[in-house]
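Pasting in a structure now, in structure tokens, and then I'll have a few things to ask.
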Amino acid sequence: MKHCIVVADKFDPEGVARLRQQSGLEVLYDGGYSRDRLLEIMPQAQGLIIRSATRVDAALLERAPNLKIVIRAGVGVDNIDILESSRRGVIVMNAPGGNTVSTAEQALALLFALARKTPQANASMKQGKWEKSKFVGVELTGKTLGVVGLGRIGKEVVKRARGLQMNVVGYDPYIPPANLSHLEIDIVALEELLAQSDFVTVHTPLTDATRGLVNLQNLARLKDGVRLINCARGGIYEEAALAEGLRSGKIAAVALDVFSEEPPPSGFALTEMENCIMTPHLGASTGDAEFAVAMESVDQLIEYFERGIARNALNFPTVDPEAMDYLKPFFQGGEKVGRMLAHMLPGDLASVQIDYCGEVANFATQPVSTAILCGALSVAMGDEVNFVNAPVFARDRGIQLQENKKAAERGFSSYVHVRFSTSRGQSTESKFTSVNREPLVFSMFGLPIEFKPDGIMLLVTNRDVPRVVGTLGNFLGDLNINIAHLELSRDDKGGTAYCMMTVDDLLSPEALAKLRGLDNILNAVQLDLR
């Protein structure tokens, strides 16, 4: 009996041909199915390959009772409901390696373009001009390249830049320096990298930690005449800061392949600046990368149906539906609590202790532990981390995981106690449970405080004195930001207090900095748990 494979979106012809050569597969492909047509044919599908156009949601999964595997031909899986797929026993995979080299090479192409002003010189020549003296460039040999983010793509950039005899420095606070020693570069603090680099290229996801990595507040800390490259995610460089730096001459030139809004809106300030090179998100846009992603996806599908091996799986297909129904709020809450505690931890994560207390301890809790690790690592790694590779990345970073199963304390039938610690002994902790099938945090830092870990949240630490809550309300009101929920706790009267707020809108980096500067405010952390 043949397995029916649906290729939902436009796909490499050779990849389709390879699938059709497999005697055990029946392939349905017409160059890209409409949503209605896809829903019609899904009842017969056992395998599904998609790109970005198809959304694998509950409605589609409901029409696919025989579906065993979904493969995203690419990295991002925002268009796949992974939890619902897990609940239905559907394996979700992606193809993360296909565009690594293409993106690294795009960064190098922009590096050369910045150094020699090639696009501007070409445009001048096309206008019939000969402006040789206008386009004097700089050599790359001997210059310092700062690489922010030393994952797959960052490492490829480093290897190529060293071949150009550049002095390369790197920054990645989430990978132990010992694990980067093979790169043979200096690993430095971000401030040092920005201060000494002639060129800076970023290769990180867009997270709260990387958003506005270069901004109006730290612009002055950059080396005079620096050249900046971004082939990662729009928003890592604050575009208003780039415009200001280019106007003032602090920044010599910028090359962007990604933007906060794509395509950039009408009137985008950088469009008119001659020393800003822009390309329309071409990092993975090579025939080689598209072919590699297609072949990787095809190999994974064939390997699964022939040998039962789920390579690059993103979920837990072995958890039975009944257990997943019970664990769902702990699974969801664990991922969000992991993110929340990682944001609050003042340093590198060294150890995670998880106590499963009460009824939840009777289940196979590995999915919850992995969800907690995934949430914690996603603060630094974004989409690169998933529910299968999170334990591997944790081990690579030397993070120690300790899991215990205990009886519940009085008043709770089931809850999870999570503690994060750094190598310097700093720690933070939280307890959460399930109420009405939804996660509920009921303790932070050992203090009682109840809130749903969801939405946009602000955790404000302040001196326990009068009028602080009013000050916060007035501050947010002046920004036209509504408070949806607020909870308070404190250690001792007159000591340290905590205010956890759910708000309707994100604060800008500038607004968050101002909030931290208010009277009696000790710290403020913004959490996007949507």
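Ranked from the most accessible area to the least, with a 1.4 Å probe and all protein chains present, what is the order of 48, 488?
Ranked list, largest accessible area first: 488, 48.
Quick one: which residues, 5+ away or cross-chain, put their amide H under 5 Å from the amide H of residue 91? H built at 1.01 Å from N.
For residue 91, whose amide H was placed from the backbone, the distant partners under 5 Å are 69, 70.
Residue 162 to residue 190: extension gain in nm, 0.36 nm per residue of separation minus the Cα-Cα distance?
Length gained between residue 162 and residue 190: 8.1 nm.
Figure the gain on full extension for residue 179 and residue 401 (residue separation times 0.36 nm, minus the Cα-Cα span) and round it to one decimal in nm.
In short, 78.0 nm is gained.
Right, another one. Using each residue's phi in region 87-98, evaluate 6.51 cos²θ - 1.76 cosθ + 1.60 at θ = phi - 60° and report the 3J(HN,Hα) Karplus result to the nearest Hz, with x for Gly and Pro.
Coupling constants for region 87-98: 4, 8, x, 9, 7, 10, 10, 10, 10, x, x, x Hz.
Filter the GluC sites (Glu not before Pro) in region 100-194 down to the DSSP loop ones having no more than 14 other Cβ atoms within 10 Å, then list what survives.
In loop regions of region 100-194 (DSSP not H, G, I, E or B), the sparsely surrounded GluC sites (Glu not before Pro) are 131, 139, 184.
Counting other Cβ atoms within 10 Å, which trypsin sites (Lys or Arg not before Pro) in region 73-173 have at most 12 and lie in a DSSP loop?
Listed in order of number, the matching sites are 129.
Counting other Cβ atoms within 10 Å of each Cβ, which chymotrypsin sites (Phe, Trp or Tyr not before Pro) in region 274-315 have at most 11 and sit in a DSSP loop?
none
Hey, which of these cross-link pairs are over 18 Å Cα-Cα: 126/250; 223/250; 155/336?
126/250; 155/336
Test of understanding: what is the full-extension gain from residue 78 to residue 525, defined as 0.36 nm times their sequence separation minus their Cα-Cα distance?
Length gained, residue 78 through residue 525: 158.4 nm.
How about residue 159: which lysines have a C-alpha closer than 16 Å to its C-alpha, ignoring those fewer than 8 places off in the same chain?
Excluding near neighbours in sequence, the set is 143.
Amide H to amide H, which residues 5 or more places from residue 250 or on other chains are under 5 Å from it, using H placed in the peptide plane?
none
Normalized C-alpha radius of gyration of region 361-496, against 2.2 N^0.38 Å?
For region 361-496, the normalised Cα radius of gyration is 1.24.
When the accessible area of region 274-386 is computed with all protein chains present and a 1.4 Å probe, what percentage of it is carbon and sulfur?
Percent of accessible area from carbon and sulfur atoms in region 274-386: 50.
So, with a 1.4 angstrom probe, what is the percent of accessible area on region 11-144 that is carbon and sulfur?
Ligands and nucleic acids excluded, carbon and sulfur reach 48 percent.
Using protein chains only and a probe of 1.4 angstrom, how many square angstrom of residue 508 are accessible, to the nearest 10?
50 Å²
Applying the Karplus parametrisation 6.51 cos²θ - 1.76 cosθ + 1.60 with θ = phi - 60° to the phi angles of region 462-471, what ³J(HN,Hα) value in whole Hz is obtained for each residue in order, glycine and proline being reported as x?
3J(HN,Hα) across region 462-471, in whole Hz: 8, 6, 7, 10, x, 6, 5, 4, x, 4.
How would you rank 251-259, 417-425, highest first, on the average number of other Cβ atoms within 10 Å across their residues?
Final packing ranking: 251-259, 417-425.
Of the DSSP beta bridges with both residues in the chain, give the percent that are antiparallel, rounding to the nearest 5.
50 percent
Label-point separation (nm) for residue 217 and residue 53, each offset 7 Å from Cα along Cα-to-Cβ?
The modelled label-to-label distance comes out at 4.3 nm.
Follow-up. Using P(r) over Cα pairs in 20 Å bins from 0, in percent as the read-out, say which of (1) 15, 29, 17, 11, 11, 10, 6, 1; (2) 21, 57, 21, 0; (3) 20, 49, 29, 2, 0 was calculated from these coordinates.
Correct label, based on the coordinates given: (3).
Would you work out what percent of the accessible area of region 453-517, with all protein chains in place, is carbon or sulfur (probe 1.4 Å)?
Answer for region 453-517 is 46 percent, counting heavy atoms of protein chains only.
Counting only heavy atoms of protein chains, what accessible area per residue, in Å², does the chain have with a probe of 1.4 Å?
46 Å²
The values are calculated or read from the model by the stated rules, or taken from the named source; none is laboratory data. Since we're looking at a predicted model, the values are computed, not measured. Neighbour counts are summed over all protein chains in view; Cβ atoms, including those assigned to glycine, are modelled from backbone coordinates with ideal geometry. Surface accessibility is based on the protein's heavy atoms, side chains included, excluding ligands, DNA and RNA. Shrake-Rupley method; radii C 1.70, N 1.55, O 1.52, S 1.80 Å.
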